[in-house]
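Below you will find the structure I want to go over with you.
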Amino acid sequence: KTLSEDELEYGKILDISHETEEESLCLEHQEREMILKALKKNHNRRKNAARDLGISERTLYRKIKLFRIEE
């Protein structure tokens, strides 16, 4: 059986077994920076920052706690 294009894309997204810890930390750093920029742009209004980032307010709140971002 051959895999469809969607199934291949899905596999690529989930397969991070080759990712090193350093790459993971780099992604976390980039994510933290994006959150900081979105908060600054929106004058710390989480609802607007979450909208700009394309995530829910709840997810943004969790990430703010995770990355220990001070307001």
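The values are calculated or read from the model by the stated rules, or taken from the named source; none is laboratory data. Small disclaimer: the values here were computed from a predicted structure and weren't measured. Neighbour counts run over all protein chains shown; Cβ positions are idealised from the backbone, glycine included. Accessible surface areas use protein heavy atoms only, side chains included; no ligands, DNA or RNA. Shrake-Rupley method; radii C 1.70, N 1.55, O 1.52, S 1.80 Å.
Applying the selection to segment 21-46, what residues are closer than 14 Å to residue 61 by Cα and over 16 Å from the mean Cα position of the chain (by Cα)?
Matches in segment 21-46: 44, 45.
Determine, yes or no, whether residue 11 is among the small types (Gly, Ala, Ser), surrounded by fewer than 12 Cβ atoms within 10 Å (Cβ to Cβ) and at pLDDT below 95.
So residue 11 fits the description; yes.
Looking at segment 16-36 only, could you name the residues that are of a type outside the set (Val, Ile, Thr), open to solvent by less than 90 Å² (accessible area, probe 1.4 Å) and under 19 Å from residue 70 (Cβ atoms)?
Listed by number, the residues that qualify are 28, 31, 32, 33, 36.
Moving to a separate point now. Which residues, counting only those in segment 37-68, are surrounded by 14 or more Cβ atoms within 10 Å (Cβ to Cβ) and assigned to a loop (DSSP other than H, G, I, E, B)?
Matches in segment 37-68: 42, 55, 67.
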